[in-house]
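Bear in mind that the values in this text are calculations on the coordinates, not laboratory data. Keep in mind that this is a model prediction, so the values were computed, not measured. All Cβ positions, glycine included, derive from the backbone under ideal geometry; neighbour counts span all protein chains shown.
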Amino acid sequence: EMAGCLDFLKHVYSVFGFTYQLRLSTRPEKFLGDIEVWDKAEKDLAESLDAIGMPWKLNPGDGAFYGPKIDITLQDALKRQHQCATIQLDFQLPIRFNLNYIDEKGEKQHPVMIHRAILGSVE
């Protein structure tokens, strides 16, 4: 799913000719959930970023309270940076709404929601 989100981002931004930077924002000081889940999610996001072959930076402690995220900043004509897009993992809403699915082992699991805003508030 993350590869699809990142491919879509790359496509949309290439249409507009945007140059952008990627940042992996990790667990903030105040967060919900288990550290082990956060660690795995951050590792998986880092691997997704590595797989697209673009440079990215770590942004420690700037994740959402409910999960890590990839922040995308654009550069304007004056070379200023503006956060426009974000792709966020959310572990908490599926738990709070009691959402689940049955995995290949027949066990009940909570899904992970992906919040994606490629064009920011335009979406």
Next item on the list: Give me a count of the residues in segment 67-123 that are of a type outside the set (Gly, Ala, Ser) and over 17 Å from residue 48 (Cα atoms).
Entry: 34
Note to self: Within segment 106-120, does at least one residue satisfy the condition of being among the β-branched types (Val, Ile, Thr) and over 13 Å from the mean Cα position of the chain (by Cα)?
What the structure shows: no
Next item on the list: State whether one or more residues within segment 30-46 are touching a Gly at 6+ places or on another chain (Cβ under 6 Å) and not hydrophobic (A, V, I, L, M, F, W, C).
Entry: no
